[in-house]
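The values are calculated or read from the model by the stated rules, or taken from the named source; none is laboratory data. None of the values given here were measured: they were computed from a predicted structure. In this analysis, Cβ positions are derived from the backbone assuming ideal geometry, glycine residues included, and neighbour counts consider all displayed protein chains. Ligands, DNA and RNA are excluded from the accessible area calculation, which covers all protein heavy atoms including side chains. Shrake-Rupley method; radii C 1.70, N 1.55, O 1.52, S 1.80 Å.
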Amino acid sequence: MTILHTEVLVVGSGAGGATTAAALAARGRRVTVVEEGPWVEPDAVEPFSLEEMVAKYRHHGPSAALGAPPIAFAEGRCVGGSTEINSGLWHRLPGELAEEWRHTYRIDGFTAEVLDRHAEQVERAQSVQKVPADAPLSSMLLERGATALGWRSVEFPRVFRYDTAGRGTKQTMARTLIPQAVADGAEVVPETKVLRLERSGDRVTGARCQRRRTDGTIEDLTIRAEHVFVCGGAIQSPALLQRSGIRANIGRGLKLHPTIKVAARFPHTVDHDDVPMHRITEFAPNLTIGGSASRRGHVALALADSTADTADALAHWEDVAVYYAAIRSEGAGRVLAIPGLKAPLVTYRLTEGDVSRLARGLVHLGEVLLAAGATELYPSVTGAGVARRPADLFPWWGAVSRQRTSLMTVHLTSSIRMGEDRARTGADSYGRVWGHRNLRVNDASLVPDAPGVNPQAAIMTIAARNAEHFLEHG
Ligand SMILES: Cc1cc2nc3c(=O)[nH]c(=O)nc-3n(C[C@H](O)[C@H](O)[C@H](O)COP(=O)(O)OP(=O)(O)OC[C@H]3O[C@@H](n4cnc5c(N)ncnc54)[C@H](O)[C@@H]3O)c2cc1C
C-alpha cells in the first residue's frame, strides 16, 4: 500500500473543495486535494451533452432520492465537481435568510458584513457578470411573460468571463481555483476515492483511499494528514463521515429545491445553445420560475413526462423549450451509508404544503409561458392535459399529486448543517465536525437550510469564510 503525507487533505474538488484548497495553498499550507472523479479537460466535452453526462456526472446521469414521489437529482463527479456541469447562474445568499439562520442555528460570525466581504472577493476572482449582449430568446421569453403579467423578473449574472465578441467561458473550478491552488503548490490526485477516514481519539489521522491507475487497475492508498476538510457535496460528505463512524446529526435534514417542469411550444424556433438567465422572482424565495437546458434530448424527456400525445411537438422540437418552477421545500431528507452498498441511500419526504406549493408553481409557470406567447404547454404531470389557453390551467391545480408528478433537483444542501446549536447541527459555526479537533466540512452540506436561490454563491462564500477562520485560528 502506498502512503502519502500532507498537511491539509481536502476531499473533493467542487465549489467547496476548490475554494478551500485555493485559499489554504495561497497562504503557504501544504495541500493535497483528492477527487474521486477524473480530470476532464475543460473544453473536452460539449456542455449539456450526453457525452458530458458520461464524463462528468456521478453514475453517468441522474440519481434519485426515494420518496413519494421520488426526486431525480444530479451530482458532478470529476475535478471541479458539480461546477463543471452546472449553469453557472449566480445568486448571493439573501441577507434576511442568513440572518434567520444565524439565530436559528446560532452561527457565530454569520453577519451580512462578513458574508458580503467574502462574496465580493469570490465574485471578483471568479468573474461574475451578466451576458454583455442580449440574453438568448428562451430567456427573453420569460421576461416577456413576466412583463405582460406585471411580475418581477431578474436577469441573473453568471460565473462567466466574456471576450470582446461576447463569447462566454464558464469559470468552473477546474479552470480557475484548482489551477490556482496547483500554482501555489497544492497537489491534486484525481480518480481517487476516500473510502473512510482513520481516527484516533478526537483527531483524524488520515484517509483510506482507492486510486484508479492510468492502466485501469486499482491501488490502495493511505494519506496521512494533520487537518482534513471533507468537501464531497451534500450527499457524499455525510456518507463518508458515516462510513468513518461519525454519525451525530450527520446526513439528517437534507434540503433541496424540488422542481416541476413544463415543455413549452412556441410558434417559432427557440434557441437551444444555452440556458435562460432570467428568473421570475415575483414569489421568491419560496417559489422561483426559470428555464433549463433544452437540447433535443431534454425536450424529448420533458415531453415524455407529460404522457400526452407529443408526436407533433417532438417533430418540431426546435420550437420547444423546457421551463420549471422550483420551490423552497419545507420537507427534509436523509442520507444513509449502508454497509456493502457503494452509493448511499437518499430519501426525501415532501410535505402536503410542498405538494400544493408545487401545484401553485406549475400554474404560475403555465400563466407566464402563455403570456410569453407559447401555444402548447406539456407539464411533467401524468394526465394533467396540454394547456393552450389560461382556462386549460385550471385542471393542473388538482392534477399535481404524489403519484402523478415527475420531479427533479440540482440543488442539494444542509445534510450536516453548521452552528453552535448542537442538537441541530453536525458541525460548529465554521464547519468543524463536533467531537473532532482537526476535521472540518466545507461544502453544500453546511448550508443550514434550502436557500431558495441557486446555491453555488452561498457555498463558495461560506467556504471562503471558513477557510479564513481556519488560517487565522487553526
Ligand atoms: C446540472 C446542475 C446544474 C446546476 N446549476 C447551478 C447554477 O446555475 N447555479 C448554482 O448556484 N448552482 C447550480 N448547481 C448546484 C451547484 O453546482 C452545487 O450546489 C455546488 O457545486 C456544490 O458544491 P460542493 O462543493 O458542495 O459539491 P460538488 O461541487 O458536487 O463537489 C463535490 C466533489 O467531491 C467529490 N467527492 C465526493 N465524495 C468523494 C470521496 N469520498 N472521495 C473523493 N472525492 C469525493 C465528487 O466527485 C465531486 O467532484 C447545479 C448543479 C447541477 C448538478
> Once the principal axes of the Cα atoms of segment 143-192 are found, what is the range along each, listed largest first in whole angstroms?
Replying inline: 53, 30, 18
> Hey, what angle do you get for helix 456-473 against the long axis of the chain, alpha-carbon based, 0 to 90 degrees rounded to 10?
Replying inline: 20 degrees
>> For a quick check: with amide H placed at 1.01 Å from N, whose amide H comes under 5 Å from Arg30's, ignoring anything fewer than 5 positions away on the same chain?
In response: Glu7, Val8
> Relative to the longest principal Cα axis of the chain, at what angle does helix 95-104 sit, 0 to 90 degrees, rounded to 10?
Replying inline: 50 degrees
> Taking the Cα centre of each part, how many Å lie between segment 265-279 and segment 126-154?
Replying inline: 11 Å
> Counting only DSSP beta bridges with both residues in the chain, what percent are antiparallel, rounded to the nearest 5?
Replying inline: 70 percent
> Taking H as built 1.01 Å from N, whose amide H comes closer than 5 Å to the amide H of Leu4, not counting residues under 5 places away?
Replying inline: Thr222, Ile223, Arg224
> How compact and how long is segment 216-373, expressed as Rg and Dmax of its alpha-carbon atoms in Å?
Replying inline: 20.6, 62
>> Can you tell me the length gained on complete extension of the stretch Glu187 to Arg389, counting 0.36 nm per residue apart and subtracting the Cα distance?
In response: 67.0 nm
>> Return the equivalent ellipsoid semi-axes of the chain as a descending list in whole Å, where each equals the square root of 5 times an eigenvalue of the C-alpha gyration tensor.
In response: 38, 23, 22
>> Taking amide H atoms as placed 1.01 Å from N in the peptide plane, list the residues 5 or more away in sequence, or in a different chain, whose amide H sits under 5 Å from that of Thr409.
In response: Ala72, Phe73, Ala74
>> Give me the extension gain from Ser401 to Thr205: residue separation times 0.36 nm, minus the current Cα-Cα distance, reported in nm with one decimal.
In response: 65.7 nm
>> Using a 7 Å offset from the Cα along the Cα-to-Cβ direction at both Leu195 and Ala315, what is the distance between the two label points in nm, to one decimal?
In response: 5.6 nm
> Tell me, what is the per residue accessible area of segment 68-134 in Å², probe radius 1.4 Å?
Replying inline: 45 Å²
> Spin-label point model (7 Å from Cα, Cβ direction): what's the Ile218 to Leu336 distance in nm?
Replying inline: 2.4 nm
>> Helix 352-371 against the longest principal axis of the chain: what's the angle in degrees, Cα atoms only, rounded to the nearest 10?
In response: 50 degrees
> Pulled fully out, how much extra length does the chain show between His473 and Ser356, if you take 0.36 nm times their separation in residues and subtract their Cα-Cα distance?
Replying inline: 37.5 nm
> What's the long-distance tail for segment 267-324, i.e. % of Cα pairs beyond 17 Å?
Replying inline: 43 percent
> Residues in segment 308-342 near a label at Val154, defined as backbone nitrogen under 18 Å from the 7 Å Cα→Cβ point?
Replying inline: 324-329
> Could you give the nm distance between label points at Asp271 and Leu66, where each point is 7 Å from its Cα heading toward the beta carbon?
Replying inline: 4.3 nm
